[in-house]
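First up is the structure itself, then whatever we jot down about it.
The values are calculated or read from the model by the stated rules, or taken from the named source; none is laboratory data. Computed from a predicted model, the values in this text were never measured in an experiment. Heads up, the Cβs are rebuilt from the backbone with ideal geometry, glycines too, and the neighbour counts pull from every protein chain shown.
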Amino acid sequence: MRIRTRKLIGAVALLVLVTTWALGAMALAQSVLTSTNGLLAAVYYVVFGVGWVLPAMPLVRWMQRPDPVG
């Protein structure tokens, strides 16, 4: 697969990942964080706000792989 195709597929997959992650984090926050203190809520939002990077890293690495020679 050429790098242009991988980047297109990866960009769409990243958009789906971030959208799904954000909606899931918001839904979980609405059900869990309704009666907690502000510090715990802030920690939750920091962890889940940066947490999408871990599943995105292998996808970005795959997107940046060079084309096969030949």
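One table, with the values for the structure above:
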{"quantity": "Scope segment 23-57; condition in contact (Cβ under 8 Å) with a residue 24 or more places away in the chain and either surrounded by fewer than 12 Cβ atoms within 10 Å (Cβ to Cβ) or in a helix (DSSP H, G or I) (or both); matching residues", "calculated": "Ala25, Phe48, Gly49, Gly51, Pro55, Ala56"}
{"quantity": "Which listed residue, of Val12, Val69, is of a type in the set (A, V, I, L, M, F, W, C), modelled with pLDDT of 95 or more and loosely packed, with under 13 Cβ neighbours inside 10 Å", "calculated": "Val12"}
